[in-house]
Each structure stands twice: as structure tokens, then as C-alpha cells.
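Take a look at the structure below.
The values are calculated or read from the model by the stated rules, or taken from the named source; none is laboratory data. In this text, all values refer to a predicted model and were calculated from it rather than measured experimentally. Please note: Cβ atoms are built from the backbone with ideal geometry, for glycine as well, and neighbour counts cover all protein chains shown.
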Amino acid sequence: MIKLFKNLTKKEIIGIIIALCLIVFQVWLELTMPDYMSEITRLVQTEGHLMRDVLKQGGLMLACAFGSLVSSILVCYLAANIASSFATTIRAKVFRKIQEFGTEEIKKFSTSSLITRTTNDVTQVDMVIGLGLQMMVKAPIMAVWAILKILNKGLEWSILTGGCVLILLTMVIILLIIVLPRFEKVQKLIDKINGVTRENLSGIRVIRAFNAEEFQEGRFEEVNSDLTNQQLFNQKCFAIMNPVMNLVMHGLTLGIYVIGTVLILKANMVGKVTLFSNMVVFSSYGMQVIMSFLMLAMIFMMIPRAQISARRINAVLDEDVSVIDGTFTGETKEKGTVEFKNVSFKYPDADDYLLKNISFKANQGETVAFIGSTGSGKSTLINLIPRFYDATEGEVLVDGVNVKEYKISSLNNKIGYVPQKAVIFSGTVNYNVSYGDNGREEPTQKEIEEAVEVAQGTDFVLKMPDKYESHIARGGTNVSGGQKQRLAIARAIARKPEIFIFDDSFSALDYKTDATLRKELKKHTKDATNIIVAQRIGTIINADKIIVLDKGECVGIGTHKELLKNCEIYKEIALSQLSEEELKDA
């Protein structure tokens with residue numbers, strides 16, 4: 001947790017210093033009040049003192065109480081502001097760090113865990129800071145100061161207070177040893193609940209279609225019960241603290257008066273007044289000591305979980321990013337070219353290569369397509385271009401420059417990427433099509449409409465209630481799969497990139513729309529390079545270059561007609577989709 005506190009800003013540190021000064025002032029006021037109480041006790045029992053002397057001491061006690069109240073309010077205000085500000089800073093840093101993560105890091109932590117670390121874990125740390133400034137700092141100062149004040153008031157009372165403190169410390173240490181390891185399990189179980197809930201919401205249609213509601217409820221119930229049982233165990237352990245605290249507190253009070261009674265009975269008249277005064281003061285200070293440990297015990301209930309949360313947050317912040325940002329942002333000699341030089345790739349910790357020795361070059365204005373059986377590495381190959389992963393061996397060049405040398409934002413400005421699964425954001429049609437920053441001015445309304453028209457989306461957009469300002473739900477749940485794909489394609493077109501990457505982006509379109517879209521796209525992007533992954537022969541039949549992949553290896557490069565003659569795997573794929581007559585006419 002100390003490592004996490006290095007993220008405190010200068011303003012927050014100043015706030016903490018002010019809060020500490022106020023806490024010390026508050027403790028001094030609270031520990032001064034018993035002295036005035038002792039003086040009042042002495043004045044009442046001694047003849048010759050006037051009422052105004054007693055009222056003066058009482059007035060000073062009230063002033064101390066009011067000063068303590070004001071200090072407490074100021075400390076609470078500062079603590080709340082510091083905790084909220086720090087939580088905001090940490091959430092922002094975790095979010096920005098996750099934005100830097102490649103696919104490898106996302107898979108390592110899992111999406112549900114990253115959500116928990118950004119929300120619940122930060123909240124745990126936030127709570128400790130907010131209460132810690134009020135209690136964790138105040139309690140030890142008060143305990144030590146109170147003990148120092150009562151050391152000379154009576155050996156018997158000091159021994160009794162020391163024994164009570166020892167009992168409390170022993171109990172807290174035992175509880176921490178038992179409960180601490182279980183807090184990490186709690187956070188992991190929260191990750192699981194997030195994961196199950198997220199999966200249930202994203203797959204709700206399939207779950208209903210297969211009548212799997214009971215099965216999903218069972219999965220959730222299992223994880224939910226595990227979390228509940230773990231939390232119940234932790235709370236039952238901490239439930240022991242309250243009765244023990246009360247027993248020790250009341251036992252101390254009773255013990256002080258029993259010892260005081262014995263000592264007063266044995267003392268002379270002058271000594272009786274002094275002992276009675278000391279007993280009243282000791283009783284007050286003894287309660288302050290016990291209350292201090294009670295506050296510490298409450299904090300000790302929160303610190304272990306916050307410590308684990310801080311460790312989980314630091315794990316995200318300290319994670320080394322596999323895709324390191326380059327520095328190149330200048331002009332290139334080539335434009336719109338993509339070249340693979342002896343590229344091989346395997347996933348981290350995998351034994352076998354998924355791609356093996358791939359080499360090809362796509363020149364400006366060309367359409368290069370990839371085809372192959374499922375699992376042949378088509379999507380993985382094109383994901384190396386925008387650096388979702390980095391090649392294990394070999395080089396990937398864009399405009400003649402290794403992609404690893406590019407500043408990622410500059411590389412992305414050259415690319416219009418359409419993923420296999422269309423991603424649509426909550427907002428309007430205009431918002432989704434003009435989404436992102438491509439290093440130039442935001443697309444105009446005319447450019448947005450033109451992009452939608454090329455993507456064959458004008459018909460359905462104009463039928464919407466507010467046309468281009470119509471609302472699109474999160475994930476595009478209020479539009480069809482084909483409409484989502486066309487909006488995703490329009491988004492890439494509106495960027496006006498040098499290189500288009502289509503990862504099986506036409507699969508949800510009917511053949512007519514697919515053909516029309518590709519025809520319009522070819523006109524609109526004649527100066528751009530098109531990299532296409534497809535399952536349909538019809539989608540790539542007119543490509544300038546078709547690359548056939550099989551088990552991660554390139555087994556054929558050429559045009560459609562060339563591959564039909566010299567690539568058996570391509571011919572098998574073509575015949576599985578089209579008849580020989582259709583192939584001849586193509």
C-alpha cells in the first residue's frame with residue numbers, strides 16, 4: 001500500500017499534513033479535559049474555593065470540547081476530499097494503463113478482474129484513507145499520550161491498563177493471522193462474480209434460446225455462495241472483537257474503581273482527596289486508551305483487505321506492456337504499403353508457432369486477401385499490422401518502416417481497421433462513424449454521409465427516427481448484425497486511411513450487398529491498400545493477390561485463376577462454395 005501512496009499529489013500531501021496537525025491539536029484538547037475534571041474534583045472537595053473557580057474550569061472544559069469538535073469536522077472534511085481525490089487519480093492511472101495493454105495483458109488479467117481492480121479495489125483503498133486519517137493516525141497518538149499522562153498516577157492502575165491493552169493486541173493479532181489470507185480469496189471471488197454476470201448479460205439471447213437460465217443461475221449461485229460464505233466467516237471472526245472490547249473496557253473501569261476503593265480506604269484524609277482525584281483522571285485516560293485501541297481494531301478490519309486491493313492495483317500499474325510504443329512519426333518514402341518479411345508468431349507461453357515464415361508485400365492501391373481453414377492464422381496475421389501483438393520473428397513493415405518503430409498513434413492514423421466482430425458504441429450514428437482521432441480534422445457531416453453510403457448503410461439510417469442523429473444502443477443491440485458491420489465499415493472509410501484492414505468484415509452481409517459494397521469500396525479507396533480476411537471466395541475473387549494459409553504456413557500466393565491451377569487447398573475451398581461452372585465464369 002505504501003507503494004501506491006507514492007501516487008499522492010502535492011495538494012493531497014499538504015492536505016494530509018494539515019489534517020495531522022489538526023488531529024494532534026484535537027488529541028491534545030481531548031486529553032486536557034481530564035486535567036480540568038481533576039481540578040474541579042479537587043476544588044469541590046477542598047474548602048475555601050468559590051463557585052466561579054469551578055465554573056472557570058468547567059468553561060475551559062467546554063472550550064476544549066468545542067475545539068475538539070471543530071477539529072474533528074475539519075479532519076473529516078479533509079480526509080473525505082483527500083480520499084476521493086486519491087481514488088480519482090488511481091482510477092485514472094489504472095484506466096490509462098489498461099488502455100496501453102495489448103491483447104496479451106488483457107488475457108493475463110481477464111476483463112472481469114480489470115473491472116474489479118478499477119472499481120472495487122480502488123474503493124477499498126479509498127475507505128482506508130478516509131477513515132485512516134481520522135482514526136488510524138489519531139488512535140496511536142492518543143493511546144501513547146494518554147499512557148504517558150497516567151504513568152505517574154498509580155502503579156496498580158498502570159499494570160491493570162497494560163494488561164487490558166495486551167489482551168486487545170493479542171486478540172487483534174490472532175484475528176489478522178486467521179482472516180488476512182481469506183481477503184485475497186474475497187477479491188478473486190468478486191472477479192468471478194463479475195465474470196459470470198458479464199458473460200450472462202452478453203450471452204442472454206443464447207441462454208434464453210437454449211433454455212439455460214437454470215444452468216446460469218446455478219453457476220452464479222455457486223460463486224455467490226462461495227463469496228457469501230467467505231464473507232460470513234470473516235465477519236464472524238471480527239464479530240468476536242466487539243464483545244471482547246466491551247468486556248475489557250467495562251472491566252478496566254470496574255478494576256480502576258475497585259483498586260481505587262482499596263487504596264482510598266488505606267490512605268489518610270489528605271491522601272484520600274489526591275487518590276480520588278487521580279482515580280477520576282485515570283478512569284478518563286484509561287477509557288481514552290481503550291477507545292484508541294478500539295479505533296485501531298476497526299481500522300485493522302479494513303487494512304488487510306485494502307492491502308490486498310492495493311497489491312492488485314499495483315500489479316496492473318507495474319505490468320510490463322508487451323507492445324512498447326515507438327518514436328517514429330515522420331514522413332516515409334513509401335505510402336500505403338504493407339510488407340511481411342519472414343514473419344513467425346507464437347502466443348506467449350505457447351510451444352508451437354501459429355504463423356511460420358510468412359512473406360509478402362501489398363503495394364498502394366492493391367487488394368490483398370487471405371483465405372484458409374478455421375484456425376489457419378488469418379486473423380492473427382493481420383492483427384500484427386496494428387500491433388495487437390508483435391511478431392515473434394521477422395519484420396512487419398508499413399510504408400517501409402518496421403511497425404515497432406512507429407509511435408502507435410501514428411501507425412493507427414494510417415490504418416482503417418474493421419474487426420471480425422463489429423464493435424458499436426453507445427451514441428448516435430454520427431458519433432459512431434466519426435469515432436476516434438485520426439490525426440486530422442473530425443469528418444464533416446458530408447464525409448460521414450458519404451462513408452455510410454459507400455458502406456451501403458444509407459437506406460437503413462434514413463429510415464431511423466432521427467436519421468444520422470438516431471441513438472445506437474451500447475453494443476449496437478438496436479440494430480442488426482449486418483447493419484452493425486456496415487457502420488463499422490463506414491467508420492473505417494470516414495478516417496480516409498492509407499490502409500484498410502477487413503477482418504472477415506463482410507460475413508453478416510447478403511451476397512448482393514456484399515458485392516455492391518465491394519464495388520463501391522474499390523471506387524472510393526482506389527488509392528488505398530485493402531487487406532481482407534474472408535471465408536467467401538466471392539468476396540476475394542477479384543483481389544490482386546490472394547494468400548492461402550494452412551496451419552500457419554503460406555501454401556499459395558496469386559490471383560484467383562492462378563491459384564485454381566496451382567494450389568490444391570485453394571481449389572478445395574473454392575469447390576466447396578461454388579460449382580465448377582461458376583468458377584469458370586468467375
When GLU498 is run through (1) under 19 Å from ILE546 (Cβ atoms); (2) touching a Ser or Thr at 6+ places or on another chain (Cβ under 9 Å), the failure sits at (1)
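Per-residue answers, yes or no, for (1) within 22 Å of ASP527 (Cα to Cα); (2) touching a Ser or Thr at 6+ places or on another chain (Cβ under 9 Å); (3) modelled with pLDDT under 85; (4) surrounded by fewer than 21 Cβ atoms within 10 Å (Cβ to Cβ):
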residue: GLU395; (1), (2), (3), (4): no, no, no, yes
residue: GLU405; (1), (2), (3), (4): no, yes, no, yes
residue: GLY416; (1), (2), (3), (4): yes, yes, no, no
residue: LYS421; (1), (2), (3), (4): no, no, yes, yes
residue: GLU442; (1), (2), (3), (4): yes, yes, yes, yes
Restricting to the range 498-522, count the residues that are closer than 24 Å to PHE460 by Cβ, of a type in the set (D, E, K, R) and touching a residue at least 60 places away in the same chain (Cβ under 8 Å). 4
Suppose we filter LEU31, LEU55 for residues that are in contact with a Lys or Arg (Cβ under 7 Å, 6 or more places away or on another chain), modelled with pLDDT under 85 and of a type outside the set (Val, Ile, Thr); which single one remains? LEU31
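In the list LYS512, LYS446, LYS484, which residue meets the criterion of being exposed (fewer than 15 other Cβ atoms within 10 Å of the Cβ), in a helix (DSSP H, G or I) and outside the structural domain of VAL533 (by TED's automatic domain parsing)?
Values: LYS512 fails: outside the structural domain of VAL533 (by TED's automatic domain parsing); LYS484 fails: exposed (fewer than 15 other Cβ atoms within 10 Å of the Cβ).
None of the other options fit; the residue is LYS446.
Name the single residue that is nearest to the chain's Cα centre (by Cα) among those in the range 375-408 being among the β-branched types (Val, Ile, Thr) and over 16 Å from THR539 (Cβ atoms).
Among those residues, the one meeting the criterion is ILE408.
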Go through (1) outside any helix (DSSP H, G or I); (2) in contact (Cβ under 8 Å) with a residue 12 or more places away in the chain; (3) of a type outside the set (Val, Ile, Thr) and name the single condition ALA350 misses. (2)
Meets criteria (at pLDDT below 85, hydroxyl-bearing (Ser, Thr, Tyr), surrounded by fewer than 17 Cβ atoms within 10 Å (Cβ to Cβ) and not assigned by TED's automatic domain parsing to the domain that holds GLY255) for SER359: no
List the residue pairs whose Cβ atoms are under 6 Å apart, where the first residue sits in the range 548-562 and is over 21 Å from GLY538 (Cα atoms), the second is at pLDDT 85 or above, and the two are 6 or more positions apart or on different chains. GLY552/LEU354; GLY552/LEU355; GLY552/LYS356; GLU553/LYS356
Going through the range 331-347 in order, the residues found to be assigned to a loop (DSSP other than H, G, I, E, B) and either under 27 Å from THR380 (Cβ atoms) or in contact with a helix residue (DSSP H, G or I) (Cβ under 9 Å, 6 or more places away or on another chain) (or both) are THR332, GLU334, LYS335, GLY336, THR337, LYS346, TYR347
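For the range 379-403, how many residues meet the condition of being of a type in the set (Asp, Glu) and not in a loop (DSSP other than H, G, I, E, B)?
2
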Only listed residue being out of contact with any His (no Cβ under 9 Å at 6 or more places or on another chain) and closer than 16 Å to ILE547 by Cα, chosen from SER409, SER373, SER322: SER373
Considering only the range 60-172, give the helices (runs of 4 or more DSSP H) lying wholly within it that have at least 3 residues that are in contact (Cβ under 8 Å) with a residue 40 or more places away in the chain and surrounded by fewer than 15 Cβ atoms within 10 Å (Cβ to Cβ). none
Suppose the filter is touching a Lys or Arg at 6+ places or on another chain (Cβ under 7 Å), charged (D, E, K, R) and not assigned by TED's automatic domain parsing to the domain that holds ARG387; does ASP352 pass it? no
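Take VAL321 and decide whether it is more than 29 Å from LYS138 (Cα to Cα) and either modelled with pLDDT under 75 or of a type in the set (A, V, I, L, M) (or both).
yes
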